[in-house]
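K.L.:
Before I ask anything, here is the structure I am working with.
Readers should treat all values here as calculations from the given coordinates under stated rules, not as data from a laboratory. None of the values given here were measured: they were computed from a predicted structure. Cβ placement follows ideal geometry from the backbone for every residue including glycine, while neighbour counts extend to all protein chains displayed.
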Amino acid sequence: MNVAQQLVNGLVIGSGFACVALGWTILLGAARLVNFAHGQMYMLAAFICWFALTRWGLDFTAAAVVAVLAMGVLGILMQSAMSQLVVSQNLTSLMIVTLGFGYMIQGAAGLGFGGSPHALASPADKVQYQIGGIWFTGQDLIIVTVTLALYAGVWLLLNRTRQGAMVRAIAEDPKLAQIFGINTWLVYVAVFMLEAVLVAIAAVLVAPKTPILTSMGFEEVIMTFVVVVLGGVGNVGGALVAGLALGIFTAFFGALVSPAYTTAASFAVLLAFLTLRPEGFSFR
Amino acid sequence: MNVLDAADLTVRYGGSVALRDATLAVGAGRLVAVAGANGAGKSTLVNACAGWSRGHASIAGDVRLDGRSVARLAAYRRARLGIQCVPEGKNVFGELTVEENFALVPAVPREAGRHVFSREDVLGLFPRLHERRTHKGSALSGGERQMLAIGRALLAGPRILLLDEPSVGLAPRLIFDVLTVVRRLVDDGLAVLLVEQNVSAALDVADELYLIERGRIVGHGDAAAMRQDERIAQAYLGGLAEVEP
Amino acid sequence: MTEHSMALDAPAARRSPRHPAIRALAVAAAVALAYWLPSWLGGSPLTYGFFVTLAIFSVMAVGVDIVLSYLGEVSLGHTIFWAIGGYSAAILSTSWDANGWITAATAVGLAVLAAAFLGWATLKTREFVFSLATYAAAVVAGEIAFNTDALGGSDGIVGIPALRLPLGFAEFSGRSNQELWPLALLLLVLSIYFVDRFRRSRLGTEALMVQMNPPLAIASGLDIRKVRFRVFVVSAPITALAGWLYGYQRAYVGPDMFDMYFLTLMLTAVIVVGRRVLLGPLIGVALILLQQNYFSIGGDGNKVVLGAVLAFVLIVWPQGLAGLARRIWRARAQPRS
Ligand SMILES: Nc1ncnc2c1ncn2[C@@H]1O[C@H](COP(=O)(O)OP(=O)(O)OP(=O)(O)O)[C@@H](O)[C@H]1O
Ligand SMILES: [Mg+2]
């Protein structure tokens, strides 16, 4: 086994995990909203990109932009439908509602795109680099750099802008935020749109690496969940570190043990974390 | 014309009525106090003016701001129009620094009737906050938190300030300071509705007083007149009068 | 959960005051009616198939109902118990020629073990972490089944023999849906009876208290974690037995038992009618299966319908059809207050 190569693979995989998890982290931190449709939104974004690429003949960047915009709109629609539950913070119902949305998206994608696998061909995936015996593609490079840039951007947004302060205020006490003149409904919509846009960006970055299927998306949710819990809910920096670490773990586990059970192994890590932490896991 | 007019406010929590048919008015440059026993409905009244509640309240009745009805507006819209409420209990964001709490305040539109305070004005009123501006809200003392809450309400350009027990948990000296600051703002023309446990202190600074009992307004008058009111003398001032020779 | 109003609907407050003997008679009549229903409706294999599936899916949903209605937690891991039932039946009957008692006992035992492990591992978590952990467990278990040859891998296990239950004096055998129907109905009746007992039991009332008012529960000396753990473990074998019968009915078991379909079905069945309604899971499953069998718009279309119903009900009538009916009833009873 080439350790350096696996390390690079792990970094790429981990950046992908972190990228997919970013929107979810913010959403969970700000709105306490668990989005079970996350994986299906990832799937849908990949398919919209694929559709624009192959049926409309757009180039990859344009197709990616179409996918991101479409998901932004979908995010607004979903949040508007749920707004009553979000504002009243009815978390149990919200979870189930997003599960229902996910199932709807899966069915709709099946209707629209059929059940067979497709390849989302990104031109950058064909560009290969080799440095000191370590191989990686242009797509890998893009994944890592865009992920880092997104994390930096989101961190700045949350911690250095008025809008970010509003998001953190609502995460802490949505009722009090109203007294402060903040339209909480609008902030929730914005946050959910951000979630949708970020998962779409993640999809057009990561999905070209594997065949896409309308039934995919479950693994992405599990990995996102592991990343978010290990990194600390709502903790943007923690999610990046956890994502990268999980990627490296996955790469080595796949190389040394079995690639078929990597999700199971990551889940085992999570269970160990949940049971071994002295006071378990608390939201705040 | 009054700055704030509330007419027939009724507030229900589920099936139980916490406030019934409350009518009150606050004019410009007037400090109006609300007094009553614990659970009488003072906070409910003040919050209803702001269209706000910690629980699931249903609010009926009319609220007018400078003659214009705001009863159908959500709490955040009323806040932006200048009904600035400082609720009791948790009233600043603990996870945000003092600066960030201030930064949340939306820009104040230039309109007649709004009392505009710059950040310098606010820090001039509460110099402590300047020293603590990079501290998180949760790291402030109770008094500092109260100053921050009032400070940010001023920064938001109030037409009227609703203060719910601003002095709770403060040392007597600080209570005096806070109430003096409030009085000064009123003398400059601000309208203030003040809930105060300490009726004696309230009567010292207030122009008018509403007395509220079990969800109903049972008395109203000028501070001087209310001081003579039997019920107030008995329930709130009586004890003091006997202790102090 | 902050739906305090639901406390008013606690089952004890709504139990009809009728005499227990009359009640028992009514139940017996209803069961007898149900027993003859498929044959009155023509008795075709298709009809029996529908009714057996209805009973099986209802029992499956009862497991989730116990956790969702009485504990107020959302378990997304019940497909694991469902699959455990199916795989127990499949593996033991094909490889060891085991009879139905043995496969059922194994299914129950393994489901309890799995629930105990999962319950223990998520003991400290609540709400969404609990839901996510159970969800992740289900997805991961599905992947393991898919990738493990000993469990049939992606092909699953085919050729499950007909169910045999030796009774000493005779032997029950379920070669067709018609033959399986009495057993499926029995399982359904037993599971509903179990819920009825459960919600009046000590554990049931404790669970409700934990859900409605955790501080009060703690104050009255309840160990919240223990209650949650027990309820979760109790619910698992019910769903497992449904999966067990499903394996025999289809004569095939595969990783598709972990499909989102079953999870969404279980949740929707409970939610549509409303939580804490005794016959809720049965009525919910009946409505869903009717749509899918007689008003189907294709597999993917049905997914959209099922997902939309689930989301729509929670957004528009959080208390489900039962809550809607209660509201209408109340509005009728007191036309303006
Ligand atoms: N969130 C809520 N949910 C249900 N009932 C409430 C809620 N808030 C207040 N109440 C009820 O409304 C009534 C009035 O409460 P309120 O807080 O207005 O009293 P108060 O006069 O401000 O008392 P205090 O001096 O203790 O602050 C009380 O009987 C209280 O129990
Ligand atoms: Mg009060």
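K.L.:
Label 7 Å along Cα→Cβ of residue B:111; region B:58-89 residues with amide nitrogen under 16 Å?
P.N.:
From region B:58-89, the list is B:63-85.
K.L.:
Right, another one. Using the crude model of +1 on Lys and Arg Cβ and -1 on Asp and Glu Cβ, and no other charge, please compute the dipole size for region C:16-163 relative to its Cα centre, in debye to 20.
P.N.:
580
K.L.:
Say R0 is 30 Å: what FRET efficiency, to the nearest 0.05, do residue A:273 and residue C:226 get from their beta-carbon distance?
P.N.:
Working: r = 23 Å, r/R0 = 0.75.
Step by step, r from the Cβ atoms, then E = 0.85.
K.L.:
Further question: Considering the dipole of the protein assembly as shown built from charges on the beta carbon (Lys and Arg +1, Asp and Glu -1) around the Cα centre, which of C:106, A:40, A:261 is farthest to its positive end?
P.N.:
Farthest along the dipole direction, towards plus: C:106.
K.L.:
Something else about it: Between residue C:205 and residue C:328, what length in nm is gained on full extension when 0.36 nm per residue of separation is reduced by their alpha carbon distance? Provide the component values of the computation, followed by the final result.
P.N.:
Values: separation 123, 0.36 × 123 = 44.28 nm, distance 2.81 nm.
Result: 41.5 nm gained on full extension.
K.L.:
For the protein assembly as shown: lysine pairs with Cα atoms under 15 Å, gap of 8 or more or different chains, count?
P.N.:
Count of close lysine pairs: 4.
K.L.:
Rounded, prolate or oblate: which fits the protein assembly as shown when a ≥ b ≥ c are the square roots of the eigenvalues of the alpha-carbon gyration tensor, with rounded for a/c under 1.5 and prolate only if a/b beats b/c?
P.N.:
On the way: a/c = 2.43, a/b = 1.49, b/c = 1.63.
The shape class here is oblate.
K.L.:
Evaluate the charge dipole of region C:43-258 about its Cα centre and quote only its size in Debye, nearest 20, assuming +1 on the Cβ of each Lys and Arg and -1 on the Cβ of each Asp and Glu.
P.N.:
Numbers: 13 positive and 13 negative charges, 142 e Å.
I would put it at about 680 debye.
K.L.:
Still on this structure, I have one more. Quick one: which residues, 5+ away or cross-chain, put their amide H under 5 Å from the amide H of residue B:27? H built at 1.01 Å from N.
P.N.:
Correct list: B:3.
K.L.:
Restricting to Cα pairs below 8 Å that are 6+ residues apart, what does the relative contact order work out to for chain C? Please round to a whole percent.
P.N.:
On the way: 469 pairs, mean separation 97.4, N = 337.
That works out to 29 percent.
K.L.:
Determine the shape class of region A:50-133: with a ≥ b ≥ c the square roots of the Cα gyration tensor eigenvalues, call it rounded for a/c under 1.5, and otherwise prolate if a/b is greater than b/c, oblate otherwise. Before the final figure, lay out the partial values.
P.N.:
Working: a/c = 2.41, a/b = 1.98, b/c = 1.22.
Verdict is prolate for region A:50-133.
K.L.:
Let me have the 222 nm mean residue ellipticity of chain A computed from DSSP H runs of 4+ only, each contributing -39500 (n - 2.57), with the sum over all residues rounded to the nearest 500.
P.N.:
Details: 11 runs with 210 residues, N = 284.
Counting only the DSSP helices, I get -25500 deg cm²/dmol.
K.L.:
Check residue B:85: other-chain or 5+ apart residues with amide H under 5 Å from its amide H, H built from backbone geometry?
P.N.:
B:162
K.L.:
Now a separate question. Note the full-extension length gain between residue B:38 and residue B:218 as 0.36 nm times their separation in residues minus their Cα-Cα distance, in nm to one decimal. Could you put the intermediate results ahead of the total?
P.N.:
Details: separation 180, 0.36 × 180 = 64.80 nm, distance 1.51 nm.
Separation in residues times 0.36 nm, less the Cα-Cα distance, equals 63.3 nm.
K.L.:
Hey, with R₀ at 35 Å, roughly what FRET efficiency would residue C:296 and residue C:316 work out to, going by the Cβ-Cβ distance, to 0.05?
P.N.:
Numbers: r = 24 Å, r/R0 = 0.68.
For residue C:296 and residue C:316, the calculated efficiency is 0.90.
K.L.:
Which of the listed residues, C:72, C:137, C:115, is farthest toward the dipole's positive end in the protein assembly as shown, when Lys, Arg count +1 and Asp, Glu count -1 at the beta-carbon?
P.N.:
About the Cα centre, the residue reaching furthest to the positive side is C:72.
K.L.:
Out of B:143, B:96, B:24, whose Cα points farthest toward the positive end of the dipole of region B:4-237 (charges: +1 Lys, Arg; -1 Asp, Glu; placed on Cβ)?
P.N.:
B:96
K.L.:
Same structure, new question: Please state the shape class of region C:179-284: rounded when a/c is under 1.5, otherwise prolate if a/b exceeds b/c and oblate if not, all from the C-alpha gyration tensor. Let's see the in-between values first.
P.N.:
Details: a/c = 2.17, a/b = 1.95, b/c = 1.11.
Here region C:179-284 falls in the prolate category.
K.L.:
Hey, in the GNM for chain B with a 10 angstrom Cα cutoff, which one of B:186, B:92, B:105 fluctuates hardest?
P.N.:
B:105
K.L.:
Residue C:93: net charge of surrounding residues, Cβ under 14 Å, Lys/Arg +1, Asp/Glu -1, itself excluded? Please report the intermediate quantities before stating the final value.
P.N.:
Values: positive: C:164, C:175, C:250; negative: C:97.
Summing Lys and Arg as +1 and Asp and Glu as -1 gives +2.
K.L.:
Suppose only helical runs count, i.e. DSSP H with n ≥ 4. What mean residue ellipticity at 222 nm does that imply for chain C under -39500 (n - 2.57) per run, divided by all residues and rounded to the nearest 500 deg cm²/dmol?
P.N.:
Values: 14 runs with 236 residues, N = 337.
-23500 deg cm²/dmol, from helical runs alone.
K.L.:
Helix A:38-54 sits at what angle to the longest principal axis of chain A, using alpha carbons and giving 0 to 90 degrees rounded to 10?
P.N.:
Compared with the principal axis, the helix lies near 60 degrees.
K.L.:
Nearest 5 percent is fine: what portion of the DSSP beta bridges confined to the protein assembly as shown is antiparallel? Before the final figure, lay out each step's value.
P.N.:
Numbers: 35 of 53 bridges.
Restricted to the protein assembly as shown, the bridges split so that about 65 percent are antiparallel.
K.L.:
Hey, what did region B:4-237 get for relative contact order, percent, Cα under 8 Å, at least 6 apart? Don't skip to the end; give the middle numbers.
P.N.:
Values: 451 pairs, mean separation 67.0, N = 234.
Contact order relative to length: 29 percent.
K.L.:
Rounding to the nearest 20 debye, state how big the charge dipole of chain A is about its Cα centre with +1 on each Lys and Arg Cβ and -1 on each Asp and Glu Cβ.
P.N.:
Numbers: 10 positive and 9 negative charges, 67 e Å.
Result for chain A is approximately 320 debye, rounded to the nearest 20.
K.L.:
Would you look at the GNM of chain A, springs on alpha carbons closer than 10 Å, and say which of A:78, A:223, A:41 moves the most?
P.N.:
Looking only at A:78, A:223, A:41, the largest GNM fluctuation is found for A:78.
K.L.:
Now, a different point. Could you work out how much longer the chain between residue A:55 and residue A:111 gets when fully extended? Use 0.36 nm per residue separation minus the Cα distance between them, nm to one decimal. Walk me through the numbers before you get to the answer.
P.N.:
Details: separation 56, 0.36 × 56 = 20.16 nm, distance 1.61 nm.
The span from residue A:55 to residue A:111 would gain 18.5 nm if fully extended.
K.L.:
Could you pull out every residue, at least 5 positions away or on a different chain, whose amide H is within less than 5 Å of the one on residue B:18? Hs are placed 1.01 Å off N in the peptide plane, and Pro or chain starts have none.
P.N.:
Excluding prolines and chain starts, which carry no amide H, the hits are B:11, B:12, B:13.
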